[in-house]
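Worksheet: one structure, shown below.
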Amino acid sequence: MDHTVRSNIKIGAVVNVVQKQDQGTGKLTQGVVARILTNSPNHPRGIKVKLESGIVGRVQEIIG
């Protein structure tokens, strides 16, 4: 599924995100979506979300 399209990401979905400080290394963090922060229908670098753990990042992979 395309991680740059907002409608593909649902609250409660398991995703891998890249945090702002990890963009250079590409380190991914897995978590459950608590909130979708991007308002536009798509974003070329990934939709920004807040995970249940409080981490904010851009979705790179949708796992489930």
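For the chain, what value does the Rg/Rh ratio take when both radii are computed over Cα atoms and Rh is the Kirkwood radius, given to two decimals?
Details: Rg = 10.2 Å, Rh = 11.1 Å.
In the chain, Rg relative to Rh is 0.91.
Per residue, how many Å² of accessible area does the chain show with a 1.4 Å probe? Numbers along the way, then the final one.
Numbers: 3860 Å² over 64 residues.
Accessible surface, normalised per residue, equals 60 Å².
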* How much net charge surrounds Pro44 when only the other residues with a Cβ under 14 Å from the Cβ of Pro44 are counted, with Lys and Arg +1 and Asp and Glu -1? -> +3
* Structure fact -> Ordering Lys48, Lys10, Lys20 by the accessible surface of their heavy atoms, 1.4 Å probe, largest first, yields Lys20, Lys10, Lys48
* Structure fact -> Note on the chain: contact order normalised by length, alpha-carbon pairs under 8 Å, 6 or more apart, percent, works out to 42 percent
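Provide the net charge surrounding Val17, with neighbours chosen by a C-beta distance below 13 Å and charges set as Lys +1, Arg +1, Asp -1, Glu -1.
Details: positive: Lys20, Lys27, Arg35, Arg45, Lys48, Lys50, Arg58; negative: Asp22, Glu52, Glu61.
Net of charged neighbours comes to +4.
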* Asked: With every protein chain left in place, what is the accessible area of Arg58 in Å² (1.4 Å probe, nearest 10)?
  -> 40 Å²
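On the accessible surface of the chain, probed at 1.4 Å, how many percent belong to carbon and sulfur atoms? Intermediate values should be presented prior to the final figure.
Numbers: 1930 of 3860 Å².
Heavy-atom surface of the chain belonging to carbon and sulfur, 1.4 Å probe: 50 percent.
The values are calculated or read from the model by the stated rules, or taken from the named source; none is laboratory data. Keep in mind it's a predicted model, so treat the numbers as computed, not measured. Counting neighbours? That spans all protein chains shown, and the Cβs are built from the backbone with ideal geometry, glycine included. To get the accessible areas, we keep the full protein, side chains included, count just its heavy atoms, and leave off ligands, DNA and RNA. Shrake-Rupley method; radii C 1.70, N 1.55, O 1.52, S 1.80 Å.
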